[in-house]
Amino acid sequence: MINSPSPKTMLLFAAATAALTTAAFSPAAAAPGAAVALPASIAPLGRDVRVTGPAPAQAPVHFTVALKLRDYAGLVQANVAGRRVPWAELEARHLPTTADYDAVLNFLSDAGLKIDTRSKSRMTVQASGSAEQVSRALGVHFVAIQSEGKSFVAADSAPAIPAALAHAVQGINGLQPQAHAVKYSHVRRADAI
């Protein structure tokens, strides 16, 4: 046993990230220095969301950049076969490279954003900045909204990243903090307990 996440955990995390943030773009078609949009990183604002005006420039924005797994098909095959993938193999074949991770970190830092949390797996980077800084760095537009009786600053346009990072970035999560997972209750019959 190793003390790092199991391959199944990593696979589930990767599948969830991919499902939530699949980026619809073709990095090969992007010109060097061009920005590549990540449209799946946001959703249209729902009917229960009321835009109250422009986002305050200094409003804090926290978000997570999710990086892509390498050789995802190989990891899936190992999981289907029930093979436990050692951490060293995950690092060598499947997790994002150190170079790609560092490129994302450098992009965020160079844009004046704060790196809040780094992950050992190099799968995510949590970062933050003011709405103005994040807007400038990611080319995203923010608005002030109300949803479920609470006020938020949320993106109403897709973020974009430099084309040089497009091969490594899966998506950007957290730009719409009013969107959250739905919790379901599990009701058991009284005679089943």
Expressed as a rounded percentage, what relative contact order does region 52-150 have, with Cα pairs under 8 Å and six or more residues apart? 42 percent
Hey, can you rank 79-85, 116-122 by average C-beta count inside 10 Å, highest first? 116-122, 79-85
Compare the peptides 97-107, 34-44 by average per-residue count of other Cβ atoms within 10 angstrom and give them in order, highest first. 34-44, 97-107
Extension gain (nm, one decimal) between Tyr72 and Lys150, 0.36 nm per residue minus Cα-Cα: 24.2 nm
Please give the contour-minus-distance gain from Val51 to Thr97: 0.36 nm per residue of separation, less the Cα-Cα distance, rounded to one decimal in nm. 12.6 nm
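Readers should treat all values here as calculations from the given coordinates under stated rules, not as data from a laboratory. Fair warning: this is a prediction, and the values are worked out from it, not measured in the lab. Don't worry about glycine lacking a Cβ; one is built from the backbone with ideal geometry, like all the others, and counts go over all protein chains shown.
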